[in-house]
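Here, each number is a calculation from the coordinates, and none is a lab measurement. Worth saying up front: this structure is predicted, and the values here are computed from it rather than measured. Glycine gets a Cβ as well: all are built from the backbone with ideal geometry, and neighbour counts include every protein chain shown.
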Amino acid sequence: MPSSSGYFRTHYDQDLRFIDTRTQRYCLWLLLAWLAIYPFLATEMLLDLANQVLLASVGAIALMLLTGFAGQVSLGHAGLLAAGAFTAGILFKEFAAPVWVTLPASAAIGAVLGLLFGLPSLRLRGLYLAVSTLALHFIVAYLGGEYEAKRGFSSGIVIDPPVLFGWVLDSAQAWYFVLLAASAGTLLLAANLLRSKTGRAWRAIHDREAVAEALGVNVPAHKLLAFVISSSLTAMAGCLFAYFRGFVSVEAFTLFLSIQYVAMVIVGGMGSLLGALLGAAFVVLFPYGIEWAMAILPIPTRWSGMVFAVDYAAFGLVMIAFLLFEPQGLVGIWRRMQNYFLLWPFKQQLMRK
Amino acid sequence: MAEQDLAPIALTLDHLFLEFGGLSVLQNLSLTLRAGELLALIGPNGAGKTSVLNCICGIYRPSRGSIRFAEQQLVGRLPHHIAQLGIARTFQHGEMFQGMTVLENLLVGRHARIRTGVFGEALFSRAVRAQEILHRRRVEEILDFVELSAFRHRPMASLSFAQQKLAGFARALALEPKVLLLDEPSAGLNRDAREDLARFILRIKHETGIPMIWVEHDMQMVADLSDRLYVLNHGEYLTDGAPKEVLSDPKVIAAYLGGAKHEAA
């Protein structure tokens, strides 16, 4: 057994494991223990932040699969979140559907939308593809707005907290565990896809599409599959978002939200699941950081009303800074730190990937 | 040679024409590749050698003519389908997936042979795990064959160009092809790397019997290794036959060295 021997690998199965060594296993248990006690130690504010990060991480992982691995740019992410949220809202209002109906329904709607709006990717790429996915955003936002107006929910749809196995989800602590499970589940699913045939095909398409095709990869099918899986996961995140907020309104799903998700992928680090998590945390916590910084810095009070403007501007600057100076994102910084401590105290050449 | 002629046909190109707009690239090209044959496709720059490979693997679509493989018509099929039928190729510039490890590159080459569904993969079911291990084992054998085992977990980008071209060779072999198309495998390699390459080509020929169409510029290498030469000039068939005869053919020399009229000789 590997656990009783050294860390030498004796079977190919060991290369497929996420957790192989004892140290890694201990670290995982420590992390799980920390995550389990976190909601009981954290203040209300910190718990809410954690919930927001966990929720965003589901969408970020989904977009990372599509953009960071399969190489297909999408600006339709907010539209997909809205589609999931409205599916939940409409089914709840019209049919009083429970969560175990609305969640799969959102996934199905997301999959259909992903398939439809993935079709342009067979002909377009890069910026052109991004613009075509933008259509998704506006169509969903329009339909959502129409529904709100026609049914007289002009200020939004209020949704009751969901009931899971007779347990009403209404406390932040309960939500924490649900969102943690959702995030961990999405992460595991994505990691599994990436260590098998489909994930390798996506990365191959990202790198050299024509070569992948000549090697027997059905490129159109895999592109569409990436769109379908990513969209389906995102719509489920939208559904959770609706229940989490208890409220659905088109105003929540702006184009800026799409850009924030793209920012998570870029700032976190393209082509890395850890990057999706780091990016989600960074983008969610960033405005709070700015607010905090403006509160403690000696800034004239007449400027304090401009916190949103400063927030947007700083966000833009950080995006540009990452694109220019750290294209590998937070993961790139993390890997460099790892390298540094692995080699310490010896001086090292910077390893380029 | 008589034995070669009796070998069954692996791949046939029949009266093939390829045009881009008004530009005629290939004209009335017919070629037969026999089982176990190492056929070198030579010709001056721009003769259309790579275009022939691109037609076979579906990247280009010929305007007329047919390509038959295993009783199937290849013209009009998509590249990935042709690859799945068992036609693998290498690329002149390697064209490796730089961001993936050597192992992952080969596993992409094996894509068409791995039988897993996306739902099983998402859960990484027992069956998927078994498939991954099974194909890993096969890919390791191929890596061992091209002597790149030590580099299995290295990112492709960290390998030298010569190693990348060998890895490209391995990636094509990972498909377990029935026909192998080599696009200038020796281009950009030094003498040592070429000798290694020659050894691998001969080992494939003798150990697996996979028929190969080999586009090449190194005449010495071609003369020493191949069973038969097929010469293209300006997209047209010039001649074919045993290497020594073809390379001393005045028509071939004229094609390579320019318009000097050697016909009289």
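Remarks
- Among beta bridges that DSSP assigns inside the protein assembly as shown, antiparallel share in %, nearest 5: 60
- Given charges at Cβ of Lys, Arg, Asp, Glu: the range A:42-343 dipole, positive-most of A:Gly269, A:Met45, A:Ile296: A:Gly269
- Total charge dipole magnitude, chain B, about the Cα centre, Cβ charges on Lys, Arg, Asp, Glu only, Debye to nearest 20: 880
- Helical segments meeting 30 Å axial Cα length and Kyte-Doolittle 0.5 threshold in chain A (DSSP H): A:126-150, A:172-194, A:219-245, A:273-296
- Semi-axes of the equivalent ellipsoid of the range A:1-41 are 28, 10, 5 Å, computed as sqrt(5λ) over the eigenvalues of the C-alpha gyration tensor in descending order.
- Relative to the dominant Cα principal axis of chain B, helix B:161-173 is inclined by about 80°.
- Set B:Lys49/B:Lys178; B:Lys165/B:Lys251; B:Lys165/B:Lys244 screened for pairs whose C-alpha atoms are more than 25 Å apart: B:Lys165/B:Lys251; B:Lys165/B:Lys244
- Simple label model, 7 Å out from Cα along Cβ direction - B:Leu78 to B:Ala127, nm: 2.3
- Rounded FRET efficiency, nearest 0.05, which uses the C-beta distance separating A:Ser171 from A:Thr10 and R0 of 45 Å: 0.40
- Estimated FRET transfer efficiency when R0 is 30 angstrom, pair A:Ile320-A:Leu116 (beta carbons, to 0.05): 0.35
- Most mobile of A:Leu342, A:Leu116, A:Leu189 in a GNM of chain A (Cα contacts under 10 Å): A:Leu342
- Applying 1/(1 + (r/R0)^6) with R0 = 45 Å to the Cβ-Cβ distance of A:Glu209 and A:Leu28 gives a FRET efficiency near 0.80.
- In nm, spacing of pseudo-spin labels at A:Ile299 and A:Phe341 (7 Å Cα→C-beta vector): 3.2
- Pairwise label distance in nanometres, B:Leu134 with B:Phe119, each label 7 Å out on the Cα-Cβ vector: 2.0
- Taking each DSSP H run with n ≥ 4 as -39500 (n - 2.57) and averaging over every residue of the protein assembly as shown yields -18000 deg cm²/dmol at 222 nm.
- Candidate aspartates and glutamates - alpha carbon under 18 Å from A:Lys223, same-chain residues fewer than 8 apart omitted: A:Asp207, A:Glu209, A:Glu213, B:Glu121
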